[in-house]
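A quick write-up on the structure given underneath.
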Amino acid sequence: MPHPYLADVEVTGGNLVLVLVVAAIGLGSLAMATLFRTEVLRAGEGTPKMQEIAQAVQEGANAYLTRQFRTLTIFAAIAFVVLLALPAHTADGADGLQSEWAVRIFRSVFFLVGAGFSAAIGFLGMSLAVRANLRVAAAAETEGRDPAMNIGFRTGAVVGMATVGLGLLGASIVVLVFQSSAPNVLEGFGFGAALLAMFMRVGGGIFTKAADVGADLVGKVEQGIPEDDPRNAATIADNVGDNVGDCAGMAADLFESYAVTLVAALILGSQAFGDKGLVFPLLIPAIGAITAVIGTYLCKPRAGESGLTTINRAFYLSAAISLVGCVALSFIYLPGDWSDFGTGVDADVAPGIFASGAVVIGIVLAAAILALTGYFTGTEHRPVKDVAQTSLTGHATVILSGLSVGLESAVYTAIVIGSAVFGAALLAGGAVELALFAVALAGCGLLTTVGVIVAMDTFGPVSDNAQGIAEMSGDVSEGGAQILTELDAVGNTTKAITKGIAIATAVLAASALFASYVQTALESYGDALPDATLDDALGFLQIFSVYDAKVIVGALLGAGVVFLFSGLAINAVGRAAGAVVYEVRRQFRDIPGIMEGTGRPEYGRVVDIVTRDSLRELATPGILAILSPIAVGFGLGVGPLAGFLVGAIATGTLMAVFLANAGGAWDNAKKLVEDGHHGGKGSEAHAATVTGDTVGDPFKDTAGPAINPLLKVMNLVSLLIVAAVVDLSYGESENDVVRILIALAAAAGIFAAVYISKQRTSALTDDAPAPPAPSLDKS
């Protein structure tokens, strides 16, 4: 199928050199990741008891991810074949590597590459984190806070540099080899990354929160023992979950945001600027890769400075350096006026102003989200203090106050993100195609901070695990324990902040992909009806109108999918956590001497339970994400599918922020009480905040983060199927029977997956023993 916008795009001369430079920067990023990894592994490993506990966590995490990847191989094989069957746009008269069948084949091949990179990033993040945790614990005891913090942040830097390195390397290679067809091949690359990230997010999120909730409910509330007490059979599973959920899941999530944003930017950039538009979106994150290294070395604590201040300073400084570099690049690489690019675009701004402004908006957005999320989830700010204060009046008021924080913060975050999208579009001076590209460039600007963002996020679970290892081993002094408690609190806030930024990247990427969807729909209409008149094309555009009832139905369905997806994820955590609760209770009851410290809990049984349940539960949300756009697109048409995507993006943004910030506020309110406020550990107020935290766990670490890849998977599926939808709806290939049958099959698949999920049960039965009365340690 001819693709009119890509017909003359070819990367040659100086542009070819620049793409090679980007590839070299990608390789350099991977080299820096190797260097940072070596620095982390040189640190001391602590006592034999610490090493024994860390080894158990390593084995559990490796076993889980191995089983998860084996399960996901089935989905990858199916997607590979489906991508081969879907049509692909190519330039007129294209042959060789740029012919339609070559693009189809390599789109499928790079789907596997994207999925493989996403899996590799997740596995790398997990495999190093489970080795760094005991090193952080050991450093806190023997060397002090600053060396311990440095190990934790360098661990995150390894994952951050690997993320930007693989993203740049993969995208630049595709551009070098496929030239004008690169955006089409990269659709497969982005889809593979997004699909694996979504499954890893859902599966890892269910694993980590089922173990965490079960451990808290039985250990803290019922038995009155500390969070990481070795007498609790769920402690190892909880620590394993931190790694497969927060490290592996978040790393894969941010990598796919990186890949998907580049896909959208390259599609729209090639349409707006030709060859320069195909190269410029690669140069922006390449600058970010360099500044991420600078930010890592800038993250060194100063005397009397809190850990969070140190990390935030590294972020802001690296973002500022990226901003200066990107502005300079924009004016150097895109000088002159629009006629220099042969686009014929009537705009009132020069390309340099347009591009630099859009990128700056993305960088500023990252900083704004960091500040806003930090305000609503940080222990030093009023929202979390208010939630902690309500613990004095009971469990219900803690829940209500946390919900209020989440709902309010979602509105402010949506306004900030919406302002960024609107501001980027205004830079285009009324040119629609440039407005779409501006949104994608804002996403690229935000990507310049990804290396530091990933480092901030990984720091959280590493410091959490370090505290757990110290507590379980009993080999850390009071001073060392206090350092680890401080680092854990810092990590808790950085995790919340990076979730907010990840949501912003998801919205910008999804918005840019939606723009690509509309462009591709129009081009596919021209392919299906080559003799169509201007009036015909205008009539086709009307199917996107909100006055069309089917478009409104599509928007409602898109919003509904976000709610259903979130509900399925939270319900899955509830079922798996129920199984953990009853298993831990059974062990306290049936294994003599656990509470006295003479009996050893069966940690492996809990790991097996959450592994089984999380892998069993991850399929249904994934099927919903893949099949729902297919059902709407083939069933209702290309316009309602556009409405579906808009409804999903709008609702998903609000829902993801609400879930993440409510959960973060509950978690840090619990930490405030545990630090001695409102009665401290063992008080009724503590029990109330533990309840809030257990409710918030699946909010902030399962359903909320999983919405990010959900939005991008649905947009990518829509982008990949839109040509087939148009072909079956217009022109010579029109076939309503086939179209409706495809929609019915997709709808039946969704119904069957949800029905089967609803029939599952955990260990909860009517015959299950009643829970023991709470035993709160008042000492």
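The values are calculated or read from the model by the stated rules, or taken from the named source; none is laboratory data. Keep in mind the model is a prediction, meaning the values are calculated, not measured. Counting neighbours? That spans all protein chains shown, and the Cβs are built from the backbone with ideal geometry, glycine included.
Taking the condition of being acidic (Asp, Glu) and either touching a residue at least 60 places away in the same chain (Cβ under 8 Å) or within 21 Å of Asp613 (Cβ to Cβ) (or both), how many residues in segment 591-602 meet it?
First, pick out the residues of segment 591-602 that are acidic (Asp, Glu): 596, 602.
Right, trim to either touching a residue at least 60 places away in the same chain (Cβ under 8 Å) or within 21 Å of Asp613 (Cβ to Cβ) (or both) and you get 602.
Residues in segment 591-602 being acidic (Asp, Glu) and either touching a residue at least 60 places away in the same chain (Cβ under 8 Å) or within 21 Å of Asp613 (Cβ to Cβ) (or both): 1 in total.
Only one of these is in contact with a helix residue (DSSP H, G or I) (Cβ under 6 Å, 6 or more places away or on another chain) and either modelled with pLDDT of 80 or more or more than 19 Å from Gly460 (Cβ to Cβ) (or both): Ala77, Ala102, Ala115. Name it.
Ala115
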*Subset of segment 702-749 that is surrounded by 21 or more Cβ atoms within 10 Å (Cβ to Cβ) and β-branched (Val, Ile, Thr) - its residue that is farthest from Phe255 (Cα to Cα)*: Val726
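Answer with yes or no whether Ala743 is more than 30 Å from Asp590 (Cα to Cα) and modelled with pLDDT under 90.
Working: more than 30 Å from Asp590 (Cα to Cα): yes; modelled with pLDDT under 90: no.
Spelling it out, it is not the case that Ala743 is more than 30 Å from Asp590 (Cα to Cα) and modelled with pLDDT under 90.
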_Given the criteria at pLDDT 85 or above, out of contact with any strand residue (DSSP E or B) (no Cβ under 6 Å at 6 or more places or on another chain) and under 21 Å from Ile497 (Cα atoms), does Ser306 qualify?_
no
*Which residue out of Glu471, Glu486 is among the acidic types (Asp, Glu), under 30 Å from Ala292 (Cα atoms) and surrounded by fewer than 24 Cβ atoms within 10 Å (Cβ to Cβ)?*
Glu486
_Residue that is among the charged types (D, E, K, R) and more than 30 Å from Met595 (Cα to Cα), where the choices are Asp275, Asp242_ = Asp275
*Hey, Leu128 closer than 22 Å to Thr73 by Cα, at pLDDT 85 or above and not hydroxyl-bearing (Ser, Thr, Tyr) or not*: no
_segment 366-401: number of residues that are over 30 Å from Gly288 (Cα atoms) and either within 22 Å of the chain's Cα centre (by Cα) or part of a helix (DSSP H, G or I) (or both)_ = 19
_Given the options Gly749, Gly704, name the one that is touching a helix residue (DSSP H, G or I) at 6+ places or on another chain (Cβ under 9 Å), modelled with pLDDT under 90 and in a helix (DSSP H, G or I)._
Gly704
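Return yes or no: is Thr689 crowded, with 24+ Cβ neighbours inside 10 Å, part of a helix (DSSP H, G or I) and of a type in the set (Ser, Thr, Tyr)? Show your work before the answer.
On the way: crowded, with 24+ Cβ neighbours inside 10 Å: yes; part of a helix (DSSP H, G or I): yes; of a type in the set (Ser, Thr, Tyr): yes.
Judged against the criteria, Thr689 is a match.
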*Selection from segment 361-389 of residues that are without any contact (Cβ under 8 Å) to a residue 60 or more places away in the chain and under 19 Å from Gly680 (Cβ atoms)*: Glu380, Asp386
*Out of (1) within 30 Å of Leu716 (Cβ to Cβ); (2) in contact (Cβ under 8 Å) with a residue 12 or more places away in the chain; (3) not small (Gly, Ala, Ser), what's the single condition that is false for Val490?*
(1)
*Got a number for residues in segment 402-429 being at pLDDT below 90 and either under 22 Å from His381 (Cα atoms) or not in a helix (DSSP H, G or I) (or both)?*
3
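So if I check each of Asp386, Asp348, which one is farther than 19 Å from Thr309 by Cα and at pLDDT below 90?
Asp348
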*Does at least one position in segment 596-614 carry a residue that is in contact with a Ser or Thr (Cβ under 8 Å, 6 or more places away or on another chain), within 30 Å of Ile53 (Cβ to Cβ), modelled with pLDDT under 90 and part of a helix (DSSP H, G or I)?*
yes
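Looking at segment 41-57 only, could you name the residues that are in contact with a Lys or Arg (Cβ under 8 Å, 6 or more places away or on another chain), part of a helix (DSSP H, G or I) and either modelled with pLDDT of 85 or more or surrounded by fewer than 21 Cβ atoms within 10 Å (Cβ to Cβ) (or both)?
Pass one, segment 41-57, residues in contact with a Lys or Arg (Cβ under 8 Å, 6 or more places away or on another chain): 41, 43-46, 54.
After this cut, where a residue has to be part of a helix (DSSP H, G or I) as well, the list is 41, 54.
Answer for segment 41-57, where residues must be in contact with a Lys or Arg (Cβ under 8 Å, 6 or more places away or on another chain), part of a helix (DSSP H, G or I) and either modelled with pLDDT of 85 or more or surrounded by fewer than 21 Cβ atoms within 10 Å (Cβ to Cβ) (or both): just Leu41.
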*Among the numbered conditions (1) over 29 Å from the mean Cα position of the chain (by Cα); (2) at pLDDT 85 or above; (3) not charged (D, E, K, R), tell me where Ser339 comes up short.*
(2)
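Can you tell me which residue is modelled with the lowest pLDDT among those in segment 357-377 that are of a type in the set (Gly, Ala, Ser) and surrounded by 23 or more Cβ atoms within 10 Å (Cβ to Cβ)? Lay out the reasoning, then the answer.
Within segment 357-377, the subset of a type in the set (Gly, Ala, Ser) is 357-358, 362, 366-368, 371, 374.
Next cut, surrounded by 23 or more Cβ atoms within 10 Å (Cβ to Cβ) only: 358, 362, 366.
Numbers: Ala358: 91, Gly362: 91, Ala366: 87.
Applying the filter and picking the extreme gives Ala366.
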*From the list Val673, Val695, which one is in a helix (DSSP H, G or I), under 30 Å from Glu59 (Cα atoms) and over 20 Å from the mean Cα position of the chain (by Cα)?*
Val695
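With respect to Lys681, determine if the residue is within 26 Å of Ala572 (Cβ to Cβ) and touching a residue at least 24 places away in the same chain (Cβ under 8 Å).
no
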*Return a yes/no flag: does segment 176-188 have any residue that is under 30 Å from Phe459 (Cα atoms) and either of a type in the set (Asp, Glu) or modelled with pLDDT under 90 (or both).*
no
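Within segment 474-490, is there a residue that is in contact with a Lys or Arg (Cβ under 6 Å, 6 or more places away or on another chain) and part of a loop (DSSP other than H, G, I, E, B)? First the steps, then the outcome.
Of all residues in segment 474-490, those in contact with a Lys or Arg (Cβ under 6 Å, 6 or more places away or on another chain) come to 475, 483, 489.
Now narrow it down to the ones that are part of a loop (DSSP other than H, G, I, E, B): 475.
Taking every residue of segment 474-490 in turn, at least one turns out to be in contact with a Lys or Arg (Cβ under 6 Å, 6 or more places away or on another chain) and part of a loop (DSSP other than H, G, I, E, B).
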*Given (1) surrounded by fewer than 24 Cβ atoms within 10 Å (Cβ to Cβ); (2) touching a Gly at 6+ places or on another chain (Cβ under 6 Å); (3) at pLDDT 90 or above, where does Val109 come up short, assuming only one miss?*
(2)
*Which of the residues spanning segment 257-303 are in contact with a helix residue (DSSP H, G or I) (Cβ under 6 Å, 6 or more places away or on another chain), over 12 Å from Ser516 (Cβ atoms) and of a type in the set (Ser, Thr, Tyr)?*
Ser257, Tyr258, Thr291, Thr296
